[in-house]
Structure formats: structure tokens, C-alpha cells
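Here's the structure we're looking at; comments come further down.
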Amino acid sequence: MKWVAMSDGMVPDGAVKCGYEADGTPLYTARAYYAGGLHIGKVRPGFEGANIPYAGTEVTIKFYEVLCL
């Protein structure tokens, strides 16, 4: 497995699925730096970036990495 740099909600071929939205849309494993740390999160086409949990809310990060096979 490897991490692939992406931005703006883009998802590369071979991305690892980590779940699904309520409507069945796949979510993919992402990670992003924020507030001095590296955080795991999710991304899918249509997001403006990767969404990570932080301080009880969800933060969208424009530049992120996606886990790929």
C-alpha cells in the first residue's frame, strides 16, 4: 500500500474504500496535516478535499493523501 498526494476531492485509481455514505456512495481513506498533526479521514469525489475529525467537528483539508493498493 502507498499514500498518493491529491487535492480538491480527487480520488486516484486503486484507492482503498473505508465505508459508504447513506446513499451508498463509496468513501476512501485519506490523511491530512492539520493543526500540527497528521489526521486520518475520508474523501470522495464531490468533496472539496479530505474531511478529518478535529475538536468535535469535521474539517475539510484541500491537500491530502489517499491510501492506495
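No lab work stands behind these numbers, since they all come straight from the coordinates. These numbers were taken from a predicted model, which means no experiment stands behind them. Note that we place each Cβ from the backbone using ideal geometry, even for glycine, and neighbour counts take in every protein chain shown.
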Checklist outcome for this item: Residue hits (the range 35-69; within 18 Å of D8 (Cα to Cα), surrounded by fewer than 18 Cβ atoms within 10 Å (Cβ to Cβ) and among the hydroxyl-bearing types (S, T, Y)) are T60
Checklist entry - Within the range 1-40, which residues are closer than 25 Å to A55 by Cβ, free of Cβ contacts under 8 Å to residues at least 24 places away in the same chain and part of a loop (DSSP other than H, G, I, E, B)? => result E21, A22, A35, G36
